[in-house]
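Peer 1: Quick one: this structure, given as structure tokens, is what I'll be asking you about.
The values are calculated or read from the model by the stated rules, or taken from the named source; none is laboratory data. All of these numbers come straight from a predicted model, not from anything done at the bench. Backbone-built Cβ (ideal geometry, glycine too); neighbour counts: all protein chains shown. Accessible surface areas use protein heavy atoms only, side chains included; no ligands, DNA or RNA. Shrake-Rupley method; radii C 1.70, N 1.55, O 1.52, S 1.80 Å.
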Amino acid sequence: MEQNEELEEILGKIYQFVEYKKLKNDDLFKIKEFCDKMIERSSFIDKSEKFEFKDFKIQRQEEISADYIIKVLKTKACPDNSMSGTGEVPSGIIANWRERYDEIDGVNEKYNRSIKITKEVAQDIFKDTSLLKIKIYLGEDDNGLVFLTKNESENNYFIISNTSKKWSLKKQEFDDLRTAYELGLKSYLDKYIRSETGNQVANNTRRFILGRKIYEKLIAVSEQTSNSAIVFYPVIYLLDDYVQYENDANECVKVQHIHRLTFLMVTEYYTALGRYPFLTEGVYDRNGLCPPPDGSNC
């Protein structure tokens, strides 16, 4: 049986604290009671997760520009409107985005779960202070969605979700997880977007972008709290807006994101009783969703 390194770290820390007299019998009994409670809850802990963001202020990631805007200088006939407004969405609208996601044929329990990037992993990802955003590629395993990153020039591939540290992968493992997503959830999302748009070659989201600002928000609000994370709730983008850019043929092209998978991102922390938001605010990605306009870099 493969060793659970994170579990070994926890058990080692308990042993260490007992030796240092920082944990006494009463504390150990409290840990035992907590473990017993978690054993009882483990069979339904994911089912009990609720999507409740009433009174949250929810905006588009304002620092993210569309990767596929080719020319920096815009003409009057074709302005770059990708950052027009804040993209603020009422919490009731976000609830509709989630409801639409839940209604898609094939979206079952394992796809409804939120995905987490822990504070420790986020700090590792953004340790380069000049890094403003990262591209997150979507994969899938037996438990649901998996977030992946890569640096092909250095032959580095990682799982960054639901783990306390980046999990290194071989390129084939990275590719296998992405293929599982293509054949799994994405196949249902593709059928959905093709049905809604009438475009029979449309593809749904393969990759999105995480901006630095929500990471900085997590660091600011979490202070010394290590058991915290950026939490991602899958939703379907339903605003009928567009990004406009000028292509190499000097043509003004409008790109829509409606009916694409995106994520509501919020900062949360864990206690013995559950997971709670630090703030009543969150962001979502629009401009970093890829595709559109094509899958060349996704």
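Peer 1: Taking all protein chains together and a probe of 1.4 Å, list F29, F17, F53 from the most accessible to the least accessible.
Peer 2: F29, F17, F53
Peer 1: Enumerate by residue number the trypsin sites (Lys or Arg not before Pro) in the range 88-185 meeting two conditions: DSSP loop (anything except H, G, I, E, B), and at most 13 other Cβ atoms within 10 Å of the site's Cβ.
Peer 2: Within the range 88-185, the qualifying trypsin sites (Lys or Arg not before Pro) (loop, at most 13 other Cβ atoms within 10 Å) are K127, K170.
Peer 1: Show log10 I(q)/I(0) for the range 148-208 at q = 0.23, 0.30 Å⁻¹, two decimals, from a solvent-free Debye sum over equal Cα scatterers.
Peer 2: Result of the Debye calculation: -0.92, -1.20.
Peer 1: Counting only heavy atoms of protein chains, what accessible area per residue, in Å², does the chain have with a probe of 1.4 Å?
Peer 2: 56
Peer 1: Which loop GluC sites (Glu not before Pro) in the range 1-33, with loop taken from DSSP, have no more than 14 other Cβ atoms within 10 angstrom of their Cβ?
Peer 2: The qualifying sites are E2.
Peer 1: In the range 93-158, if the dipole is taken from +1 on Lys/Arg beta carbons and -1 on Asp/Glu beta carbons about the Cα centre, which of S153, I125, W97 is farthest to the positive end?
Peer 2: I125
Peer 1: How big is Rg to Rh over the chain, alpha-carbon atoms, Rh as the Kirkwood inverse-mean-distance radius?
Peer 2: 1.00
Peer 1: Could you check how much of the accessible area of the chain is carbon and sulfur, as a whole percent, using a 1.4 Å probe?
Peer 2: C and S fraction of accessible area: 50 percent.
Peer 1: Taking only DSSP H segments of four or more residues, each worth -39500 (n - 2.57), what value at 222 nm results for the chain once the sum is divided by all its residues, to the nearest 500 deg cm²/dmol?
Peer 2: Result for the chain, helices only: -9500 deg cm²/dmol.
Peer 1: Near the amide H of K57, under 5 Å away, which other amide H atoms are found, from residues 5 or more places off or on another chain, if H is placed in the peptide plane?
Peer 2: E281, G282
Peer 1: Given an 8 Å cut-off on Cα distances and at least 6 residues of separation, report the relative contact order of the chain as a percent.
Peer 2: 22
Peer 1: Please report the relative contact order for the range 97-185, taking Cα pairs under 8 Å with a sequence separation of at least 6, and give it as a percent rounded to a whole number.
Peer 2: 28
Peer 1: If you build a Gaussian network model of the chain, linking Cα atoms that sit under 10 Å apart, which residue out of K191, K57, K24 swings the most?
Peer 2: Maximum among the listed residues: K24.
Peer 1: Right, here's the next one. In the range 231-275, what GluC sites (Glu not before Pro) fall in a loop by DSSP, with at most 12 other Cβ atoms inside 10 Å?
Peer 2: Hits after loop and neighbour filter: E251.
Peer 1: Could you pull the Cα extents of the range 150-261 along its three principal axes, largest to smallest, in whole Å?
Peer 2: Per principal axis, max minus min of the Cα coordinates gives 48, 35, 30 Å.
Peer 1: Now for a separate question. Subtracting the Cα-Cα distance from 0.36 nm times the residue separation, let me have the gained length for N250 to D55 in nm, one decimal.
Peer 2: 65.9 nm
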